[in-house]
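Here the structure comes first, spelled out in structure tokens, and everything after it is commentary.
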Amino acid sequence: MVVISSVTCITGISSLLAGIVTVCIPAMARDVHLDGNLLLWPASVYALTCGCTLLLSGAMADLYGARTLYLMGCFLQSVFTLACGLANTGIQLIMFRAFAGIAISMCLPSAVSIITHAFPTGKRRNIAFASMGGGQPIGFSVGLSVGGVFTDTIGWRWGFHIAAIINTIIFLIALKWLPGIGKRDPVTWHRFRTEVDWVGAFLASAFLSMVSYVLAAITDSTQDIKKPENIALLAISAVLIGGFVAWVEKQERLGKPAIIPNSLWKNRSFTSICISVFMVWGAFNATEQLSSFYFQYVQRLTAIDTSVRFLPAPVGGVLANIVAGLVVHRVRADLAILIAVALACLSPLLMAIADPAWSYWICVFWAMFMNAIGADTLFTISNLLITSLFPAKKQAVAGGVYNAIAQIGKSVGLASSGAIASAVTARSNFADKESPMALLEGYRASFWYCFALYGATLFVTVLGLRKIGKVGVKKE
């Protein structure tokens, strides 16, 4: 019980803070004097630093022990969460959010390894992954719901303070009661050098960091991609990914450790589930972010009114996780994904056709309720599948693979949807490009884009996962 509660709460708190930042960023920007061109960086930099260090963290967890790295990440998350609440300048806030991203990258792969070692394949492992999976989208939705309350009452800083207090309590409980993962051999130089593919991990991490940075930089304007520094980073990242593919091919051919063996991509189920995670996580996060902008900049609602409109999201997420944990081993995985993603794709569709003057209950309520269903269900199924393809001693790396794909999907989803919204608004027929109707044109285009991402996921599921069968079935 300590394992499930701890990993669910720690991942949930990190996502809760992301939700708070999403809603509170206008107030935060005013208080810490954050420049307009850096407005999205407190959210983007967190995903950037987390995404580009996940594989390294997974490799370190497999070497030094998942419990050790998990506890270190929990402690650092408490420290930097508190620091965010104490930040006095925009640069301080961005830096502390960046360090918080590194902290959670230590927790996520380690948590996957802890679950796979604590629970054998079967219903309990399914429930554990479903609970951890729910912690992320539900935490984000709760953050969206309470962020406005903090902003309009005691202040956004208290969101970070309260989260730091809760995080510290969970850390202390885990420190005392979280079980270890068997007896580990001492870490010698030989093990350090031969058991982990450090070169592959660094190549992949460098590639992810450069691509994520460029995506974050071009969110406000696609024209920024023409800047020399962004062109240079993209060119270097292309060289890095080529080098990564060649390196892991060599490692695999020589029978040495490879961080993500190229042969895995020949497994249609693995490739398809990774593509699905990438697109669903991008669509989910982009829809949530765009909905917040829709409420505040089109409907001109206060932060607290915006938060209230997100209340159905965690309810839908909780229900999805309960169902996923209980039935995932009884139904075909592709069928479960199809149903969940089909429901989730209605969220951006309803937001795209909604009229700002319509009642909340006609479209927006159902859009908020259904958006997290796809991400929650896919989390459980994809983790069960991906961890089953990695050996027992590489479970943290398996967790790093899933979370790295999810984070880069989030970065791409936010950047591309933001760029689409900005481009469509700039080309609208309205003279005032900051007017609600001009912004609405851009947001609607991006909602249709998110709908297309969900639709593409359905296509990938039908083609790539039709023979996957059931996952999470107990092995006799």
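Per-residue ellipticity at 222 nm from helix content only, as computed over the chain with -39500 (n - 2.57) for each DSSP H run of at least four residues, stands at -26500 deg cm²/dmol. Taking Lys470 as the anchor, which lysines have their alpha carbon closer than 23 Å to its alpha carbon, excluding any fewer than eight residues away along the same chain? Correct list for Lys470: Lys123, Lys266, Lys394. Net charge in the neighbourhood of Lys250 (other residues with Cβ under 14 Å of its Cβ; Lys, Arg +1, Asp, Glu -1) is -1. About the centre of its Cα atoms, the chain shows a dipole size close to 1700 debye [charges on the beta carbon of Lys, Arg (+1) and Asp, Glu (-1) only; nearest 20 debye].
Across the stretch 2-464, the mean sequence separation of Cα contacts (distance under 8 Å, 6 or more residues apart), normalised by length, yields a relative contact order of 25 percent. Exposure proxy ranking for Lys470, Lys226, based on other Cβ atoms within 10 angstrom of each Cβ and starting from the fewest, stands as Lys226, Lys470.
Taking the inverse of the mean 1/r over every pair of distinct Cα atoms in the chain gives a Kirkwood hydrodynamic radius of 22.3 Å. Electrostatic bookkeeping for Trp156 treats Lys and Arg as +1 and Asp and Glu as -1; over the other residues with beta carbon under 11 Å from its beta carbon, the sum is 0.
Rule-based calculations on the coordinates, nothing more; no lab input. Quantities reported herein were computed from a predicted structural model and do not represent experimental measurements. In this analysis, Cβ positions are derived from the backbone assuming ideal geometry, glycine residues included, and neighbour counts consider all displayed protein chains.
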